[in-house]
Amino acid sequence: MVLWVLVLLMVMVMSFTYMTRIETDSEVFFADKIKNDFILEGAIHRAILEIQYAKLHPDEEDIWNLRGLLNRGTIDGEEYWVRIYPESTRLDLNHTADVILKGLLRHLGVEKERIEVIVDSLLDWRDKDNLHRLNGAEDEYYSSLPRPYRCKNSNLEAVEELLLIKGMDEDIFYGNENKKGLRDYVTVYSLSGMLNINTAPRELLLSIPGFSEELVETVIQYRKEQPIRNPAELQSLIGGAYASVGRFLTVGDEGTFRIEAFSGRGTSSLEAVVRLDSAGFKILYWKRGIKTKEINNERTSEQG
């Protein structure tokens, strides 16, 4: 009997010790998470101030980089890094020319027949009528699905709406460990179908008809040293090709930026899209994520 009592006491002591350790570890984890969240939120708001300052003082040397290179800061001794680039780095699904979207899907390895279905269905999703294009879809198609819904007949409010559109699947949208997905190249926030020549990724530039690999490489090497500041400079750089590709390109940022924040503490990240004007700024998108790879100073536009 005495032995059983001793055993019971030992079990109770061990259980109490274990629970105390778990509770302490949970408190430490929670405190670290809260601190990391505040660091990332502070980094985003610091970035917004730096964008505003850079817009007012574009020729100063110590302004933050707004073209995809990392900016470093500290909060209470904790390091963080911020990457900022114009939202026109991405292709706007509500305003893009369908020829560029088709080119991008080809670069992502999508077969020709499915490309036609996706692009026609996207156009049908956006337009206000209920008449479907040759390869598109309207209410008749979507209402026949196992989980029926209506065709939106309006602009997309989030890139995830692509998953509702005929022809799209998760492999094309998300990509995989070997290739990026469509979501990494598109947006609904830039308000323009034009691509920023200073930050758009190689894959998007190659999706523009008439933009050869040689010319795209020329642009990428040139912009590593200095931004292209006006259409005349771009025309001088790419010559006769400007007549066909120039209408798809811009050198400006149009006031909308994507901000990615990472901290040295923890594995989470924070991403936001902000629009700035004379009245201040508006946050259009805010998402927490996981830091999936080491932070480096490679331009966003040269990754992949």
Q.
Stokes-Einstein diffusion coefficient for the range 173-216 at 10 °C in a medium of 1.306 mPa s, Rh from the Kirkwood formula over Cα pairs: what value in µm²/s?
A. 133 µm²/s
Q.
I want to check the label-to-label distance for residue 95 and residue 164. Put each point 7 Å from Cα in the C-beta direction and report it in nm to one decimal.
A. 2.2 nm
Q) Among 223-232, 90-99, how do they line up from the highest to the lowest mean number of other beta-carbon atoms within 10 Å? A) 90-99, 223-232
Q: Report the FRET efficiency, 1/(1 + (r/R0)^6), for residue 171 and residue 267, where r is their Cβ-Cβ distance and R0 is 25 Å, rounded to 0.05.
A: 0.45
Q) Net charge near residue 130, counting Lys/Arg +1 and Asp/Glu -1 over other residues with Cβ under 11 Å of its Cβ? A) -4
Q) Given labels modelled 7 Å from the Cα in the Cβ direction, how far is it in nm from residue 226 to residue 56? A) 2.7 nm
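Would you work out if the range 109-160 is rounded, prolate or oblate? Take a ≥ b ≥ c from the square roots of the eigenvalues of the alpha-carbon gyration tensor; rounded if a/c is under 1.5, else prolate when a/b is larger than b/c, oblate otherwise. Numbers along the way, then the final one.
On the way: a/c = 1.44, a/b = 1.30, b/c = 1.11.
Rounded shape, in that the Cα axes give a/c under 1.5.
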Q) Using unit Cβ charges (K, R positive; D, E negative) and no other charged atoms, how large, in debye to the nearest 20, is the dipole of the range 194-238 about its Cα centre? A) 180 debye
Q: Note down the net charge around residue 254, summing +1 for each Lys or Arg and -1 for each Asp or Glu among other residues with Cβ under 11 Å from its Cβ.
A: -3
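Add +1 for every Lys or Arg and -1 for every Asp or Glu among the other residues with Cβ under 15 Å from the Cβ of residue 162, and state the total. The partial results should precede the final answer.
Working: positive: 90, 102, 114, 126, 152, 166, 180, 183; negative: 92, 98, 120, 124, 157, 160, 161, 169, 170, 171, 184.
Computed value for this residue: -3.
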Q | Set of aspartates and glutamates with alpha-carbon distance to residue 224 below 12 Å, sequence-local pairs under 8 removed | A | 298, 302
Q.
At 7 Å along Cα-to-Cβ for each site, give me the label-to-label distance between residue 235 and residue 79 in nm.
A. 4.6 nm
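Which pairs, out of 180/282; 33/180; 152/287; 102/179, put more than 27 Å between their alpha-carbon atoms? Present the calculation step by step, with values, prior to reporting the outcome.
Numbers: 180/282 29 Å; 33/180 29 Å; 152/287 24 Å; 102/179 17 Å.
Over 27 Å apart, Cα to Cα: 180/282; 33/180.
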Q: Bin all alpha-carbon pair distances of the range 145-256 at 10 Å intervals from 0 and give each bin's fraction as a whole percent.
A: 12, 36, 30, 18, 4, 1
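None of the figures in this text is laboratory data; all of them are computed from the coordinates on show. None of the values given here were measured: they were computed from a predicted structure. All Cβ positions, even for glycine, are placed from backbone atoms using ideal geometry, and neighbour counts span all protein chains on display.
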